[in-house]
Amino acid sequence: MEINGETILTGVFGYPVKHSLSPVFQNAAFRFYGLNWVYIPFEVGPENLKTAIDCIRIFSIKGVNITIPHKRETVKYLDFCDEEVKVLQVCNTIVNENGVLKGYTTDGPGFLRSLKEDGKFAPENKVVFLFGAGGSAYAIAGALVRSGISEIFICNRTEEKAKMMKEHLSGHFGFENIEVVPFEKRNDSSIWKKIDLVVNTTSVGMRYDDIMLVDPENLRQDIFVYDIVYNRETALVFYAKKKKLRFLDGCSMLIFQGAISFTLWTGLEAPIEAMKKAIDAFKIKRP
Ligand SMILES: NC(=O)c1ccc[n+]([C@@H]2O[C@H](COP(=O)([O-])OP(=O)(O)OC[C@H]3O[C@@H](n4cnc5c(N)ncnc54)[C@H](OP(=O)(O)O)[C@@H]3O)[C@@H](O)[C@H]2O)c1
């Protein structure tokens, strides 16, 4: 890649950000098209977020991704928010259109595309068990409800947050088939008999010694397992692979949410296969 006076800048704002895989696959996508664009990780501490967002205009940065911990705080500095950002109050993609900063969130649509295209799983009329009630859980639950699931069970370590998420989903989507499962009752087998899809949106699995939140006894052979953690092969993914269940890990969602950002910035279809190939070497397998 040759950087010159015409090079267009993009990147990711996060804290920490050095571990991010986005530069790997976004730069691969630019290379695929021979674009004179570059994607850089910017470590932005919380106290500098506003200044960093001002710099998008000052340095004519075409677009950035926003990651932990800035997804919520960023919303108040945008000039325009798309519908999904207004509903969820989180932003993971900014597009700079001649100084006007437009905010999008691609996590929900990225998850859904990954589930359908990589997982070949059709969510319509399915029953879902979702672990977590953090930022990604809202995006994913919202996308699943929009896609026509019939029922969702939400289970979070802090039950109050799961209850708030239930209220949010029924308030915004008019969807009532939501049950909050207390964390200590998460392995109640009467619930698991109905489940078609289990999604882990918690950070459990990011550390090597993290356990599975679901009891393997509850994972029938026809359940689809989706763990959005992407920094390593989690115990849940390892188990699903061993038992030959249908499953996806977080790298699939990571690519698709990034692919939507790529298209928002460049107007081009994202080269999914080239992006996947670029991160393959970085996946940490369990020994
Ligand atoms: N693949 C992708 O493209 C993608 C995109 C976004 C995020 N992610 C991944 O998704 C994970 C969550 O991200 P987020 O943005 O949603 O984070 P977040 O908003 O901070 O939410 C974290 C969630 O994890 C739960 N949690 C944390 N530690 C736990 C533990 N020891 N036991 C049980 N639950 C625990 C929290 O429960 P409490 O409410 O009780 O604290 C909360 O529900 C991270 O691993 C992130 O890297 C992946």
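Odds and ends about this structure:
- C-alpha long axis of helix 159-173 to longest principal axis of the chain, angle in °: 70 degrees
- Each Lys and Arg Cβ is given +1 and each Asp and Glu Cβ -1; about its Cα centre, the chain then shows a dipole of about 640 debye.
- When both the range 216-242 and the range 89-151 are represented by their alpha-carbon centers, they are found 20 Å apart.
- Projecting the Cα atoms of Val199, Phe153, Val237 onto the charge dipole of the range 108-248, computed from C-beta unit charges around the Cα centre, puts Val237 farthest toward the positive end.
- Counting every other Cβ atom within 10 Å of each residue's Cβ, His70, His172, His19 order from fewest to most as His19, His172, His70.
- Relative contact order (%) - the range 108-248, alpha-carbon pairs under 8 angstrom, separation at least six: 23 percent
- Only the Cβ atoms of Lys and Arg (+1) and of Asp and Glu (-1) were treated as charged; on that basis the dipole of the range 136-215 about its Cα centre amounts to roughly 120 debye.
- Taking the Cα centre of the range 108-248 as reference, the dipole from Cβ charges on Lys and Arg (+1) and Asp and Glu (-1) amounts to some 380 debye.
- Straight-line cross-link reach from Lys276 at under 12 Å between alpha-carbon atoms covers these aspartates and glutamates, not counting any fewer than eight positions away in the same chain: Asp118.
- Sorted by Cβ neighbour density within 10 Å, fewest at the top, the residues Met165, Met212: Met212, Met165
- Fewest-first sequence of Lys71, Lys166 by Cβ atoms within 10 Å of each Cβ: Lys166, Lys71
- Net charge of Cβ neighbours under 10 Å - reference Lys50; Lys, Arg +1; Asp, Glu -1: -2
- Relative contact order (percent, whole number), the chain, Cα cutoff 8 Å, 6+ residue spacing: 16 percent
- Sparse packing (at most 11 other Cβ atoms within 10 Å of the Cβ) combined with a DSSP loop state is found for the following chymotrypsin sites (Phe, Trp or Tyr not before Pro) in the range 1-94: Phe59.
- Rg/Rh ratio calculated on Cα atoms of the range 108-248 (Kirkwood radius): 0.92
- Annotation for the range 89-125: trypsin sites (Lys or Arg not before Pro) lying in DSSP loop with at most 13 further Cβ atoms inside 10 Å of their Cβ are Lys120.
- Full-extension gain in nm, Glu43 to Arg72, via 0.36 nm per residue minus C-alpha separation: 8.8 nm
- Residue range of the chain that is longest and free of GluC sites (Glu not before Pro) which are both DSSP loop and sparsely packed (at most 16 other C-beta within 10 Å): 7-123
- Counted over the chain with a bin width of 5 Å, the fraction of Cα pairs per bin, in whole percents, is 1, 5, 12, 16, 18, 16, 13, 9, 5, 2, 1, 0, 0.
- For the cross-link pairs Lys242/Lys277; Lys126/Lys193; Lys50/Lys102; Lys116/Lys277; Lys50/Lys166; Lys161/Lys185, the ones whose C-alpha atoms lie over 21 Å apart are Lys242/Lys277; Lys50/Lys166.
Just so you know, all these numbers are worked out from the coordinates, no wet-lab data involved. Given the structure is predicted, the values throughout are model-derived calculations rather than measurements. Note that each Cβ is placed from the backbone with ideal geometry, even for glycine, and that neighbours are counted across all protein chains shown.
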